[in-house]
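Worksheet: one structure, shown below.
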Amino acid sequence: MERQARIAVVGSCNVDLTVFTPVVPRGGETVLGSEFQMNVGGKGTNQATAARRAGGAVCMITRVGEDFLAGVALAHYRSEGISTAHVRETAAAATGTATIIVDETSGENRIVVASGANARISAADVAAAEPELAQADAVLLQLEIDPLASLIAAELAKKHGKLCILNPAPAREIPERLLASADYVTPNETEAEFYTGIRISTIEDAFAAGERLTALGAACAVITLGEKGAALVRRGLRAHIPAPQVKPVDTTGAGDCFNGVLAVALAGGAEETEAVRLACAAASAAVQKKGAAASCPYREEIERMRADFYGN
């Protein structure tokens, strides 16, 4: 990461209510969990936090309710040094929440999201933030908000010649122009299958899905593969970048961490494969901690993990 990058994140803000349990309940079953945490999350906020801790100057464009949880979210942004100039409060909906159950044995999670104020993020909100997008080096998007708002952000990024990274998650129907408006599209295996129809079981499958995404208009596809790392595909290029092998504690937000760090690295001038290495290193560091935004590593930790696994 060669210079400080300015990142504008258009996306969701949730407050995560997380329970850790040795036994995940079945339908109709009650079990005793071992720990409860309340942290700030949402894909947009997770990615903004990851980008900020990786060294970026970050502005968040989102909505929260006029409630207690909004204060929790705003306090997080301020403590992290994330600009709240375009965080709008609305009385029409509660701050978004996510209820998360984490299996302590595997680190895997089950998540239910109540979008709340995130569903109120509009194309007009994004248009009002155009000056911020015009000053950014990269615009980072996800799909926990109205896809039309994400499309407007992508088109404004293109208008101003800014790097646009679309994390098409959660998988959902989107305007056809959205993929074509992005410089990088970063689905995980499940999301890549949704958009391409290709089930990913091998690295070759990931390459095929990436090529399908570029055929649909994306300039470059980066398919995240969990512990297997990521597949980088653009016309004429196929590259598999392995990930550092660690024992996961909580995988919540690992993909968001990947995207935030990828945005900072690319916008800061890193070469593509090096940017993906840094993002993989960050995600591997994140899964060793509990929480979503709270687990995002700082720049020094990312660079140490990268050097230990990939070398110089």
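The values are calculated or read from the model by the stated rules, or taken from the named source; none is laboratory data. Model, not experiment: these values are computed from the prediction. When we count neighbours, we look across all protein chains shown, and the Cβ atoms used for this are built from the backbone with ideal geometry, even at glycine. In case anyone asks, the SASA skips ligands and DNA or RNA and just uses the protein heavy atoms, side chains included. Shrake-Rupley method; radii C 1.70, N 1.55, O 1.52, S 1.80 Å.
Structure data summary
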| quantity | calculated |
| --- | --- |
| Cα-based Kirkwood hydrodynamic radius, the chain, one decimal, Å | 19.1 Å |
| Alpha-carbon centroids, the stretch 279-297 and the stretch 245-275: separation in whole Å | 9 Å |
| Vicinal HN-Hα couplings computed from phi for the stretch 199-215 (Karplus, 6.51 cos²θ - 1.76 cosθ + 1.60; Hz; Gly/Pro x) | 6, 9, 10, 9, 5, 4, 4, 5, 4, 4, 5, x, 5, 5, 5, 5, 5 |
| 11 Å cut-off, amide nitrogen to a point 7 angstrom out along Glu130 Cα→Cβ, residues in the stretch 159-195 | 159-160 |
| At 0.890 mPa s and 25 °C, Stokes D of the stretch 189-242 from Kirkwood alpha-carbon radius, µm² per second | 232 µm²/s |
| Estimated 222 nm signal from helices in the chain, with DSSP H stretches of n ≥ 4 weighted -39500 (n - 2.57), rounded to 500 | -11000 deg cm²/dmol |
| Electrostatic dipole magnitude of the chain [Cβ: Lys, Arg +1; Asp, Glu -1; Cα centre; debye, to 20] | 420 debye |
| Protection proxy ranking, peptides 147-154, 21-28, 239-246, average beta carbon neighbours within 10 Å, highest first | 147-154, 239-246, 21-28 |
| Local electrostatic count, Glu104, Cβ distance below 15 Å [Lys/Arg +1, Asp/Glu -1] | 0 |
| Placed amide H near Ala169: partners under 5 Å, 5+ positions off or other chain | Leu143 |
| Once exposed loop GluC sites (Glu not before Pro) are cut out (DSSP; at most 12 other Cβ, 10 Å), longest piece of the chain | 30-172 |
| Spatial separation of Cα centroids for the stretch 99-161 and the stretch 18-74, in angstrom | 15 Å |
| Under 17 Å from the Phe194 label point (7 Å along Cα→beta-carbon), backbone N, the stretch 163-186 | 166-180, 185-186 |
| By accessible area with a 1.4 Å probe, ligands and nucleic acids excluded, highest first: order of Tyr195, Tyr298 | Tyr298, Tyr195 |
| Candidate lysines - alpha carbon under 21 Å from Lys158, same-chain residues fewer than 8 apart omitted | none |
| Listed residue pairs exceeding 21 Å between alpha carbons, taken from Lys43/Lys289; Lys247/Lys289; Lys162/Lys228; Lys162/Lys289 | Lys162/Lys228; Lys162/Lys289 |
| Heavy atoms of Phe68 accessible to a 1.4 Å probe, total area in Å² rounded to 10 | 150 Å² |
| Net lengthening on full extension, Ala307/Ser34 (0.36 nm per residue, minus Cα-Cα) | 94.8 nm |
| Approximate spin-label separation Glu300-Arg238, in nm, with each point projected 7 Å along Cα-to-Cβ | 4.2 nm |
| Order of exposure, largest accessible area first, which applies to Thr251, Thr273 with probe 1.4 Å | Thr251, Thr273 |
